[in-house]
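Chemist: Questions regarding the structure given below will be posed in turn.
The values are calculated or read from the model by the stated rules, or taken from the named source; none is laboratory data. Computed from a predicted structure; not experimentally measured. Virtual Cβ from ideal backbone geometry, glycine too; neighbours counted across all protein chains shown. The accessibility values were calculated without ligands, DNA or RNA, using every heavy atom of the protein model including side chains. Shrake-Rupley method; radii C 1.70, N 1.55, O 1.52, S 1.80 Å.
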Amino acid sequence: EFGYSSHYTSGNQLLAWNNRIALNADCKLSAGLEWQRQSIVTDDGFGGQYSQSRNVGALFAGAQGQFGAGSVQINLRHDDVGGSGGQTTGYLGYGLQIAPQWKLTASASSAFNAPPLGYLYAPYFGNPALQPEAARSYELGLQYAAAGQWLRATLFSSRVRNEFQYDLRTNVFENIASTDNRGLELSYKGVLGTTELGASLTVQDPIDADTGERLLRRAGKLASATVWQPVGACRIGAQWAYVGARSDNGGVTLAGYSLLDLLAQWDVARGVQVFGRIENLLDEQYQTVDGYNQAGFGAFVGLRWTI
């Protein structure tokens, strides 16, 4: 018989200020500041103990406006993460209403993601030399909206530098020098009578830009569908998700899988809701990491109380 005790405590103190100004009905400005104190204290029970903290600051501003049939959105943000440096990122988006129901959209953006404290300092698998992720993304879309129906098709392309990945050979987090992902996303939301519907399909090709190989545990095809139906004070629904085959370490191929969940909500009083869900209704056997089976059929009931 073997026993041990462990504890993992993370904390995040946040101060934020946001300000929005409407210059007129067609032009709005926004700006803000954020400050965070992030911390983690861990004892895994096997001698792996560490305590780390850092300050994170951010400054951001944006503007959006309507100009005839066109609309523009611009955002800028600067993050300063203790121990990982600073980075300025931005977003530029444009939409053009080409017909009452049809809209063309285009955008370019950049992103910055500092490694979590655990990725950096956790005993055995942390890597203090881990670099922040930096990404650039581009999208071109066509959108249709009319009579309670909404459809969108989006072509996307992104490149990420220093993407995080856990290496099972070295058992530490590492950076991938550069990764690319290109693809097409189709999405739908609509109402038929009192029934709410939603669906999405993504076809993508996430690869290591240096080797051309597919990224580990990243599927080329993803799909989902949801349906909600109100019945008196209740809402009942179903949610389906599909994830295609993925590669894993050692040349292993993880099989694709489908999950079906049933959902229910009941507003018993103002601010009080009983909810329930049945997860993995068909008891699908699947793995997201080679050798680690995921949960099968499960049923849950809960209570939400809001003031």
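Chemist: Over the range 18-117, what per residue volume does the convex hull of the Cα atoms give, in whole Å³? Each step should come with its number before you reach the end.
Modeler: Working: hull volume 13.6 nm³, N = 100.
Spread over its residues, the Cα hull of the range 18-117 gives 136 Å³ apiece.
Chemist: Pick out, from 177, 227, 292, the residue whose Cα sits farthest towards the positive end of the charge dipole of the chain, with +1 on the Cβ of Lys and Arg and -1 on the Cβ of Asp and Glu.
Modeler: 227
Chemist: I've got another one for you. Relative to the present Cα-Cα distance, how much length would full extension add between residue 288 and residue 24 at 0.36 nm per residue of separation? Mind showing how you got there, number by number?
Modeler: Numbers: separation 264, 0.36 × 264 = 95.04 nm, distance 4.95 nm.
The residue 288-residue 24 span can extend by a further 90.1 nm.
Chemist: Here's a follow-up. On full extension of the chain, what length is gained from residue 80 through residue 97, given 0.36 nm per residue of separation minus the C-alpha to C-alpha distance? Walk me through the numbers before you get to the answer.
Modeler: Numbers: separation 17, 0.36 × 17 = 6.12 nm, distance 3.77 nm.
Gain on stretching residue 80 to residue 97: 2.4 nm.
Chemist: Out of 305, 23, 9, whose Cα points farthest toward the positive end of the dipole of the chain (charges: +1 Lys, Arg; -1 Asp, Glu; placed on Cβ)?
Modeler: 23
Chemist: What nm distance separates the two modelled labels at residue 266 and residue 211, each placed 7 Å from Cα along Cα→Cβ?
Modeler: 5.3 nm
Chemist: Now, a different point. Based on the Cβ-Cβ distance of residue 8 and residue 195, what FRET efficiency does E = 1/(1 + (r/R0)^6) give at R0 = 51 Å, to the nearest 0.05?
Modeler: 0.75
Chemist: In addition: Just by accessible area at a 1.4 angstrom probe, what is the order of 67, 173, 46 from largest to smallest?
Modeler: Values: 67 140, 173 25, 46 115 Å².
Ranking 67, 173, 46 by accessible area, largest first, yields 67, 46, 173.
Chemist: Can you pull the Kirkwood radius for the range 213-279, inverse mean 1/r over Cα pairs, to one decimal in Å? Mind showing how you got there, number by number?
Modeler: Details: mean 1/r = 0.0697 Å⁻¹.
Taking every pair of different Cα atoms in the range 213-279, averaging 1/r and inverting gives 14.3 Å.
Chemist: Another question, then. Show me 191-199, 57-65 ranked by packing, highest mean number of other Cβ atoms within 10 Å first.
Modeler: On the way: 191-199: 12.9, 57-65: 15.6.
The packing order, highest mean first, is 57-65, 191-199.
Chemist: For the chain, set up a Gaussian network in which alpha carbons nearer than 10 Å are linked by springs, and say which option among 112, 156, 275 fluctuates the most.
Modeler: 275
Chemist: Could you order the peptides 279-285, 233-239 from most to least packed, using the average number of other C-beta atoms within 10 Å per residue? Walk me through the numbers before you get to the answer.
Modeler: Details: 279-285: 13.6, 233-239: 15.3.
Averaged packing, sorted descending, gives the order 233-239, 279-285.
Chemist: Using a simple charge model, +1 on the beta-carbon of Lys and Arg, -1 on the beta-carbon of Asp and Glu, nothing else, what dipole does the chain show about its Cα centre, in debye to the nearest 20?
Modeler: Details: 22 positive and 26 negative charges, 216 e Å.
Dipole size: approximately 1040 debye.
Chemist: What does the helix-only formula give at 222 nm for the chain: each DSSP H stretch with n ≥ 4 adding -39500 (n - 2.57), the total divided by the residues, and the result rounded to the nearest 500 deg cm²/dmol?
Modeler: Working: 1 runs with 5 residues, N = 307.
Rounded to the nearest 500, the figure is -500 deg cm²/dmol.
Chemist: Please give the charge dipole size of the range 139-204, origin at the Cα centre, charges +1 on K and R Cβ atoms and -1 on D and E Cβ atoms. Round to the nearest 20 debye.
Modeler: Values: 6 positive and 7 negative charges, 25 e Å.
Value, rounded to 20: 120 debye.
Chemist: Can you match mean projected area of the Cα convex hull in nm² to one of these, [x] 26.8; [y] 18.5; [z] 20.9, based on a calculation from the structure here?
Modeler: The value matching this structure is [z].
Chemist: Can you compute the charge dipole magnitude of the range 22-103 about its Cα centre, using +1 on each Lys and Arg Cβ and -1 on each Asp and Glu Cβ, nothing else charged? Give it in debye, rounded to the nearest 20.
Modeler: Charge dipole, the range 22-103, about its Cα centre: 300 debye, nearest 20.
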